[in-house]
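Input: a single structure, listed below in structure tokens.
The values are calculated or read from the model by the stated rules, or taken from the named source; none is laboratory data. Since the structure is predicted, the reported quantities are computational estimates derived from the model, not experimental observations. Glycine also receives a Cβ, built like all others from the backbone with ideal geometry; neighbour counts cover every protein chain displayed. For the accessible areas, the whole protein counts, side chains as well, though only heavy atoms, and no ligand, DNA or RNA atoms are used. Shrake-Rupley method; radii C 1.70, N 1.55, O 1.52, S 1.80 Å.
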Amino acid sequence: MASGTRRRNLLVALLVLIVSPGNRFAAASPEDHRYNVGDPVPLFANRVGPLRNPSETYEYHDFPFCRPDPLIWKKGSLGEVLNGDRLTNSLYNLKFREVKDGEILCEKKLKISDVARLRNAVNEDFYFQMYYDDLPMWGFIGKVENSSWSPVEKGPRYYLFKHVQFDAFYNGNQIIEINAFSDPNHVVDITDDVEVNVKFTYSAFWSPTAIGFEERMSKYSRAALLPVHRRIHWFSLINSTVILILLMGLLTLIFMRRLRNDLRQYSAGDEEEESGVSRTYVCGELFRPPSHFPLFCAVLGSGMQLLTMVCFLSLLAFLGVLYPYSRGSLCTALVLSYILTSVVGGFTATSIQSQFAETGSGWTIPLTGIVYLGPVLAIGFVLNTISMAYGATAALPVGTIFIITFIFVPITVLLLSFGGVIRCFFRTEVRAPSMIRKSLREIPPLAWYKNLPCQMILGGLLSFSSVVLELYELYSTLWGFKISVLPGTLFVTLVILTIVTAVLSVVLTHIQLSSEDHDWWWRCVFRGGSVAIFMFAYCMYFYARSNMSGFLQLSIFLGYSTLLCYAIFLILGAVGFMASLMFICRNYEAVKSE
């Protein structure tokens, strides 16, 4: 029994590592955080949920615990709402530096339906979360004991904790730390479907500490980062770096040798000769806009916007403005940074369109806003509907939905249009051929290994191999109570993935053009973004190996994983095209000079 309690406390500590920084920026009730002895400090109840399903959380007072009357909701920030926080008042009366022992919270008669619900929650290792002076704390609501050793009793026994002990620490007139422990010695048996009378109690003990108020949140940071320093993933980074160096060296050697041969053949041959190089670089097909050109420009614009957003968030994390594991503030930062970087999306999409099309299309800017934001809103609507059906806190309130739909979306569209307007003041043009053929040349039959599916597999698999060791740590951080990846490590991994994608895109594009296949535009996007397919497959593997279960958790996992991998597809697709475009422009100049 003691060992089981210790294991539960360790699990609660893991919860602290992940979730506690998520609300470090929440506003406290007393704004100066200073109290006199005996001053009341409100304790807010937040939510409960199963340990193995991080996205399946419910409001605290939806369960048959002691409920205040009236129930007052604490106003939360946008990030807290998106993170599923629902703070309400509670009956706990914890006054500053006032010791309490065995204080009665309430006496409650649990109905048979309440007992069944609590028993199911105990069986699934439900935990509760509360806040006291902006400090988070966790505890389990019950325990399960296996009575198979007893010849009389058969099956496990389920117990509900009815006493919570609060251990608080103070420095002068400020609260520094608080912990909540569910006392395993004060339980009530809820194994059988019978009505139960429960007297809920609590205790509060105060102790002085020398830690200053400005250092009170550093405990969570140190607890979160120490395991990472011991496992800094050097092997993963070295593996990615070695793959990058070998790949770039090998492909550059092969590529330069083939390019020199092509240039030698072109300079030695007749211009009328049907050589692969002359057809590829002189026929005037390279800069012919592809099919569905407005959509193509929108994909590139959205990809560059997401890439700028990732770089912006990484810079904030590096400067210490944004704590990367602060889920509440991270949700807010994601929304605001996506809106602000919409200017980049509009600028890029309009720039590509104006450089390669004789006339512009009015659909480019709207499509740029729809390419990624459309799937986000659609998947978000489906997940919100499922969460509402389950009564989970992941369901957004009507007010938040209104803000996102009728305020953030129009602002995003306006900034996209503003980015297109800015493009009018920059007239940089690529050096395209002097003339584009009026009739489209027919592409000759290609070998099977030069077709798009094979190139997507090759490009995606090589790129995926450079980051696969870090993906497990990333998903463990996102979907488990485990901090395994530092923002610096994650950013370096993304840089390596971007460079590998760019190099592969250039080489595969040259091979394609050497085969007289001039349809390179969309192929660069699909080749560059094909690593997202392997990443999504790894997501499914990670879920199958995890302890997550239930339709709600599966839906949220699939929805968020789809949006993450789709964002990677757009980012790397844009990187692949931009790298190939720069190579073709530079190579065309080399051919013209020959």
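Here is how the numbers come out for the structure above:
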{"read-out": "Yes/no for LYS100 being of a type outside the set (Asp, Glu), within 25 Å of PRO208 (Cβ to Cβ), at pLDDT 90 or above and in the same structural domain as PHE161 (by the TED database)", "value": "yes"}
{"read-out": "Given (1) touching a helix residue (DSSP H, G or I) at 6+ places or on another chain (Cβ under 9 Å); (2) at pLDDT below 90; (3) closer than 26 Å to PHE65 by Cβ, index of the condition ASN185 fails", "value": "(1)"}
{"read-out": "Check on ASP114, open to solvent by 30 Å² or more (accessible area, probe 1.4 Å) and either in a helix (DSSP H, G or I) or touching a Pro at 6+ places or on another chain (Cβ under 6 Å) (or both)", "value": "yes"}
{"read-out": "Index of the failed condition, ALA537 passing every other in (1) open to solvent by 40 Å² or more (accessible area, probe 1.4 Å); (2) not hydroxyl-bearing (Ser, Thr, Tyr); (3) not in a helix (DSSP H, G or I)", "value": "(3)"}
{"read-out": "In the stretch 361-390, residue surrounded by the most Cβ atoms within 10 Å (Cβ to Cβ) [restricted to those that are closer than 21 Å to SER291 by Cβ and free of Cβ contacts under 8 Å to residues at least 40 places away in the same chain]", "value": "GLY374"}
{"read-out": "Residue list for the stretch 48-64, restricted to those being in contact with a helix residue (DSSP H, G or I) (Cβ under 9 Å, 6 or more places away or on another chain) and open to solvent by 20 Å² or more (accessible area, probe 1.4 Å)", "value": "LEU51, ARG52, PRO54, SER55, GLU56, TYR58"}
{"read-out": "Scan of the stretch 389-402 for residues that are of a type in the set (A, V, I, L, M, F, W, C) and closer than 13 Å to PHE551 by Cα, ordered by number", "value": "ALA389, ALA392"}
{"read-out": "Scope the stretch 563-586; condition surrounded by 22 or more Cβ atoms within 10 Å (Cβ to Cβ), among the aromatic types (Phe, Trp, Tyr) and within 20 Å of the chain's Cα centre (by Cα); matching residues", "value": "PHE569"}
{"read-out": "Scope the stretch 535-559; condition closer than 15 Å to LEU471 by Cβ and under 12 Å from the mean Cα position of the chain (by Cα); matching residues", "value": "PHE557"}
{"read-out": "Check on THR201, in contact with a helix residue (DSSP H, G or I) (Cβ under 6 Å, 6 or more places away or on another chain), modelled with pLDDT of 60 or more and of a type in the set (Val, Ile, Thr)", "value": "no"}
{"read-out": "Index of the failed condition, GLN553 passing every other in (1) surrounded by fewer than 17 Cβ atoms within 10 Å (Cβ to Cβ); (2) over 30 Å from MET582 (Cα atoms)", "value": "(1)"}
{"read-out": "Conditions (1) surrounded by 14 or more Cβ atoms within 10 Å (Cβ to Cβ); (2) in a strand (DSSP E or B): number failed by GLU107", "value": "(1)"}
{"read-out": "Residue, farthest from the chain's Cα centre (by Cα), within the stretch 443-466, restricted to residues that are modelled with pLDDT of 80 or more and farther than 16 Å from THR498 by Cα", "value": "ASN451"}
{"read-out": "The stretch 157-172 - residue that is surrounded by 15 or more Cβ atoms within 10 Å (Cβ to Cβ) and more than 17 Å from ALA204 (Cα to Cα) and, of those, modelled with the lowest pLDDT", "value": "ARG157"}
{"read-out": "Identity of the residue in the stretch 43-77, assigned to a loop (DSSP other than H, G, I, E, B) and either basic (Lys, Arg) or not assigned by the TED database to the domain that holds THR201 (or both), that ends up modelled with the lowest pLDDT", "value": "LYS75"}
{"read-out": "Selected residue (only one of ARG523, ARG545 is open to solvent by 10 Å² or more (accessible area, probe 1.4 Å), closer than 17 Å to PRO453 by Cα and not assigned by the TED database to the domain that holds ALA394)", "value": "ARG523"}
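Here is a yes/no grid of residues against (1) at pLDDT 75 or above; (2) assigned by the TED database to the domain that holds VAL503; (3) out of contact with any helix residue (DSSP H, G or I) (no Cβ under 9 Å at 6 or more places or on another chain):
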position	(1), (2), (3)
ASN197	yes, no, yes
ARG216	yes, no, yes
LEU244	no, yes, no
LEU250	no, yes, yes
